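The values are calculated or read from the model by the stated rules, or taken from the named source; none is laboratory data. Owing to the predicted nature of the structure, the values given are computational and were not obtained by experimental measurement. Neighbour counts run over all protein chains shown; Cβ positions are idealised from the backbone, glycine included. Accessible surface areas use protein heavy atoms only, side chains included; no ligands, DNA or RNA. Shrake-Rupley method; radii C 1.70, N 1.55, O 1.52, S 1.80 Å.
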Amino acid sequence: MTPQAKLIFTTSLLLGTTVTISSNHWVTAWAGLEINTLAILPLIAKSHHPRAIEAATKYFLTQATASALLLFSSMTNAWFTGQWDITQLAHPTSCLILTSAIAMKLGLVPFHFWFPEVLQGAPLITALLLSTVMKFPPMSLLLMTSPSLNPTLLTCMAIFSIALGGWMGLNQTQVRKILAFSSITHLGWMAIILSYNPKLTLLNLYLYITMTAAVFLTLNSMKTTKLSTLMTAWTKAPALSATLLLTMLSLAGLPPLTGFLPKWMIIQELTKQNMAAAATMISLLSLLSLFFYLRLAYCATITLPPHTTNHMKQWHINHPTNTSIAILTITSITLLPISPMISTII
Amino acid sequence: MALAVMLLDGASFHGGCCRHRALLSFLGPLLSNSKSYSSYRRPGAEPKKKLSWQNVDFSFKKSIDHLKTQLSLLKEESKDFLQGPGGHALRQHVLEQTRVLWQFRSQEDLNKWVISSDVEIGGKSKAYIKLGRNNQAALLYGTLNTEVPRDGETKYSGYCSMRSKPAVGSFNRKKYYDWSNFNTLYLRVRGDGRPWMVNIYTDPYFSHQKDDLYSYFMFTRGGPYWEEIKIPFSKFFFSSRGRVQDNQHPVWLDKVRTLGFTIGDKVDGPFQLEIDFIGLLNDRAHTEEFAYETYDKNTPV
């Protein structure tokens, strides 16, 4: 793709995200979401492979439906309450429709079916954008409307997301699909605490974005998309494989890594809100996703394969590792000791 | 439909107005059984005797049996899921360098394949499959006939093909093969010197891409000795509806549905192919990613 085209698409992505986050009228929020959807489509379909086109088509159809539902919910709210303010979402039907629209945008169960396929069809950096940047606008809308949303619906969707994200990620051999299921699981964690403490949702989102960006950028520099290629990636950059192990375990939520912080805070808040059963359930369901994170970590670092690689991209001279990978990896591994400071900032 | 006809008949009797009768005669072809008004039927196709919705069997016992079969399939699938990717432990997925996909030792192995030829479009080729000597191979044989069917629109004819039946999971869900660990197709065949085409179909989600096919050629020797043919997946070129496309890309092996062999070398006469087994190989010496159009299409300015 020409640099000018790439510039236009990335600027449009930033524009769409900013427009939605800073809007207080439903129509501007919707406009920002549409700009985002349209801008990322060429990035997904860049290679013109039929699978990439399929991923772009699936993405467009689901996101367009979700945008239409969002607009419909805001319209019904405007019909009943007479105003289009995002924070004043009063009518319960509008809240329900909005929750399902945002769930479709984010990829929460039961609207998650598009997510692994789209991520599998997209190149690694576009997959990174889909998992991180494209989560900002819908999440900001959820945060703005969080007082009016139905906690039962959110809790149900969250528990099913964590369960399904863990269960379906178990037997995947394609790394992008595994990261899609990890995204679904993390979105479940974000959704379950939304009605009680939206700041924890925001904290979880920020830390998830840091960790996922670190993982995707590491995988991009190793040029791996499959488990079997991941096994032989250590030959070129052993230190990168080692940090990938730690970042994966951080995504899994193991102490003393950063990923433990949001899970700990969420479980604490849920227990305070008399939802200990839900907290226990989601902690146990996270063990499923721990299994596949550990599997990735084993394949990347701990196990030595009995053969050399015949994946040509891993034979080429590699560029020195990006500074951003270093910064993101350090943030995603070592932030737990300063968690009191983080809680005050968020 | 029949009820509507009766109602209209009743209407014409009671109304007695010729307007109703005209309406009935106008609607007649639409309302009657569509056998006599079917759309164009290709020369080789058999006339449809029963419409598909007339085949529905409302037997309760049969549906319970069907449900039991599907539930047992679902149970098998769950057990395989607990084992690991593809039903085997992960260490097998990571370590394996060869895998036998189909081998022909019994009739049920043959039943996993479908034979077709240009009889479907009205041609005269014949193709048959049977087990070879000592049940050690499948024998695909027949006669190719390039005589064009005279229906005014077909220009070429003369092909026979053998295609694997797509894998179907419980409740008729599509199952795909994951061949991403491998980079070569390995075939043990004994041909008769005729060139064959090997086709991989990835069964895409949207119908716009349903004619996409990845193909390559298999040149057989005629000798009495068995041949082991290795075709790297990097050599498969992309075609759609039989036309080789300009935008070429390698086949993605994580979702493959069927494999097929076709003969269509425009030579009239008998053909014969014995296949012992079809397998996959991870050739460590083969490092080519893709064989075609490897130049940079959009060179940066």
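Scanning segment B:270-301 for residues that are open to solvent by 50 Å² or more (accessible area, probe 1.4 Å) and touching a residue at least 60 places away in the same chain (Cβ under 8 Å) yields B:Pro270, B:Gln272, B:Arg284.
In this structure, is A:Asn171 without any contact (Cβ under 8 Å) to a residue 12 or more places away in the chain and of a type outside the set (Ser, Thr, Tyr)? Before you say what the answer is, go through the steps one by one.
On the way: without any contact (Cβ under 8 Å) to a residue 12 or more places away in the chain: yes; of a type outside the set (Ser, Thr, Tyr): yes.
Considered against the rule, which asks whether it is without any contact (Cβ under 8 Å) to a residue 12 or more places away in the chain and of a type outside the set (Ser, Thr, Tyr), A:Asn171 comes out as yes.
Picking from residues in segment A:127-163 that are among the hydroxyl-bearing types (Ser, Thr, Tyr), within 30 Å of B:Leu253 (Cα to Cα) and outside the structural domain of A:Leu328 (by the TED database), the one that is surrounded by the fewest Cβ atoms within 10 Å (Cβ to Cβ) is A:Thr132.
Taking (1) within 30 Å of B:Phe81 (Cβ to Cβ); (2) assigned to a helix (DSSP H, G or I); (3) open to solvent by 50 Å² or more (accessible area, probe 1.4 Å); (4) not aliphatic (A, V, I, L, M) in turn, A:Gln268 satisfies each apart from (1).
Regarding A:Phe216, is this residue assigned to a helix (DSSP H, G or I), touching a residue at least 12 places away in the same chain (Cβ under 8 Å), among the aromatic types (Phe, Trp, Tyr) and open to solvent by less than 20 Å² (accessible area, probe 1.4 Å)? Yes: the conditions hold for A:Phe216. Of a type in the set (Ser, Thr, Tyr) and under 18 Å from the mean Cα position of the chain (by Cα): which single residue out of B:Tyr141, B:Tyr186, B:Tyr177, B:Tyr156 fits that description? On inspection, the qualifying residue turns out to be B:Tyr177.
Among the residues here, B:Lys230 qualifies as open to solvent by 30 Å² or more (accessible area, probe 1.4 Å) and within 30 Å of A:Lys177 (Cβ to Cβ).
Answer with yes or no whether A:Ser100 is within 22 Å of A:Thr152 (Cβ to Cβ), outside the structural domain of A:Ala214 (by the TED database), touching a Ser or Thr at 6+ places or on another chain (Cβ under 9 Å) and open to solvent by 20 Å² or more (accessible area, probe 1.4 Å). Yes; evaluated as a whole, the condition is true for this residue.
Of the residues B:Lys130, B:Lys174, B:Lys112, B:Lys126, the single one that is farther than 27 Å from B:Arg221 by Cα and open to solvent by 30 Å² or more (accessible area, probe 1.4 Å) is B:Lys174.
Among all positions in segment B:233-240, there is at least one residue which is under 30 Å from B:Ser125 (Cβ atoms) and within 11 Å of another protein chain (Cβ to nearest Cβ). Comparison of B:Val244, B:Val256, B:Val267 shows that the only residue that is among the aliphatic types (A, V, I, L, M), more than 10 Å from chain A (Cβ to nearest Cβ) and free of Cβ contacts under 8 Å to residues at least 24 places away in the same chain is B:Val244. Considering segment A:294-342, the residues that are assigned to a helix (DSSP H, G or I) and at pLDDT below 85 include one that is nearest to the other protein chains (Cβ to nearest Cβ), namely A:Met312.
Taking the criterion of being within 14 Å of chain A (Cβ to nearest Cβ), at negative phi and open to solvent by 30 Å² or more (accessible area, probe 1.4 Å), would at least one residue in segment B:188-200 satisfy it?
So the first thing to find is which residues in segment B:188-200 are within 14 Å of chain A (Cβ to nearest Cβ), and the list is B:200.
After this cut, where a residue has to be at negative phi as well, the list is B:200.
Pick out the ones that are also open to solvent by 30 Å² or more (accessible area, probe 1.4 Å) and you get none.
No, every residue in segment B:188-200 fails to be within 14 Å of chain A (Cβ to nearest Cβ), at negative phi and open to solvent by 30 Å² or more (accessible area, probe 1.4 Å).
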